[in-house]
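Novice: Pasting in a structure now, in structure tokens, and then I'll have a few things to ask.
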Ligand SMILES: [Fe+2]
């Protein structure tokens, strides 16, 4: 058994944290939530973030054995598929991604033969699933709320909690996307705060509030003491009222309508049309302007 070495990579345009963790004994590792760059004005994807990760794992001598996503992201495209091809490593995501695929296949009016069985990933992970990355034991916790398919990876003494808790000075993540639930998020965060106090909690986003440097990790104990949404141990009703009120003021993520149709395909663009080019579509007036 060992604890992982964790290397964070920040993507400034989306405020996303991407991670590589590895076992220092065996040098086996995993990538979590890699970003595929997308310029919405040009409609162009690129791989600067993924190439940074690739350079790091190659120069450090890490053998990547898994490429993991915590959930289908709404604010960026996943680079899981691209990295999987580059590194010849398998992809995995939470098993409830099938529910997210069904939901968004309906919103995008995708054809009946669009697979909503999660077959775009090599493995779907159930609640409580366990696997090893070298000598680091990894356990999957379902953490719904931000999305219905969200999961936390507990890897040794590190927990990759994606969009549940944010850094203590930012509180917690929003729960108002289709399939989201502040009540479910409250329970998921209680489960994370029940991990050992010394657990290193790595978050999915940081937006550098008040101009501080971007940050990605605090311990469970630090969250219990100073997380602005949880330090006074709110009951579910109090938290949900605060969360729902705040969410009602937030605009939808800039890239959500583009990102979901890529991310429910495991980070692939839709199949090319007869001219060889892929297209994204927009569901008009499905979401109300905020
Ligand atoms: Fe997210």
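Novice: Before anything else, pin down the relative contact order of the chain: Cα pairs under 8 Å, at least 6 apart, normalised by residue count, whole percent.
Specialist: 18 percent
Novice: With r defined as the distance between the Cβ atoms of residue 3 and residue 224 and R0 fixed at 22 Å, what FRET efficiency is calculated, to the nearest 0.05?
Specialist: That pair, residue 3 with residue 224, gives E of 0.60.
Novice: Could you give the C-alpha radius of gyration of the stretch 5-257 expressed as a fraction of 2.2 N^0.38 Å, taking N as the number of residues it contains?
Specialist: 0.97
Novice: Could you give the Stokes-Einstein D for the stretch 187-290 in µm² per second, using the C-alpha Kirkwood radius, 10 °C, 1.306 mPa s?
Specialist: 91 µm²/s
Novice: Provide the gained length on full extension for the span residue 269 to residue 289, in nm with one decimal, where the gain is 0.36 nm per separating residue minus the Cα-Cα distance.
Specialist: Computed gain between residue 269 and residue 289 is 4.6 nm.
Novice: Can you order the peptides 43-51, 28-36 by their average number of other Cβ atoms within 10 Å per residue, highest first?
Specialist: Packing proxy ranking, top to bottom: 28-36, 43-51.
Novice: A further question follows. Cα centroid distance between the stretch 1-79 and the stretch 158-206, in Å?
Specialist: 19 Å
Novice: Further question on the same structure: What spacing in nm lies between the two simple spin-label points modelled at residue 41 and residue 232, each 7 Å away from Cα in the Cβ direction?
Specialist: Going from the residue 41 label point to the residue 232 one covers 4.4 nm.
Novice: Calculate, for residue 208 and residue 132, the FRET efficiency according to 1/(1 + (r/R0)^6) with r their C-beta to C-beta distance and R0 41 Å; round to the nearest 0.05.
Specialist: FRET efficiency, residue 208 to residue 132: 0.70.
Novice: Further question: For every helix of n ≥ 4 consecutive DSSP H residues, a contribution of -39,500 (n - 2.57) applies; sum these over the chain, divide by its total residues, and give [θ] at 222 nm rounded to the nearest 500 deg cm²/dmol.
Specialist: Mean residue ellipticity, 222 nm, calculated: -7000 deg cm²/dmol.
Novice: Ranking request for peptides 88-100, 188-200: highest mean number of other beta-carbon atoms within 10 Å first, then the rest in descending order.
Specialist: For the peptides 88-100, 188-200, the packing ranking is 88-100, 188-200.
Novice: Right, next: Show me 62-70, 210-218, 269-277 ranked by packing, highest mean number of other Cβ atoms within 10 Å first.
Specialist: Descending packing order for the listed peptides: 62-70, 210-218, 269-277.
Novice: OK, next. In whole Å, what three semi-axes, largest first, describe the equivalent ellipsoid of the stretch 1-144 built from its Cα gyration tensor (square root of 5 times each eigenvalue)?
Specialist: So the three semi-axes of the stretch 1-144 are 26, 20, 12 Å.
Novice: Applying 1/(1 + (r/R0)^6) with R0 = 22 Å to the Cβ-Cβ distance of residue 282 and residue 114, what FRET efficiency is obtained, to the nearest 0.05?
Specialist: For R0 = 22 Å, the calculated efficiency reads 0.80.
Computed from the coordinates by the stated procedures, all read-outs in this text should not be read as laboratory data. The structure displayed is predicted, hence computed values, not measured ones. Don't worry about glycine lacking a Cβ; one is built from the backbone with ideal geometry, like all the others, and counts go over all protein chains shown.
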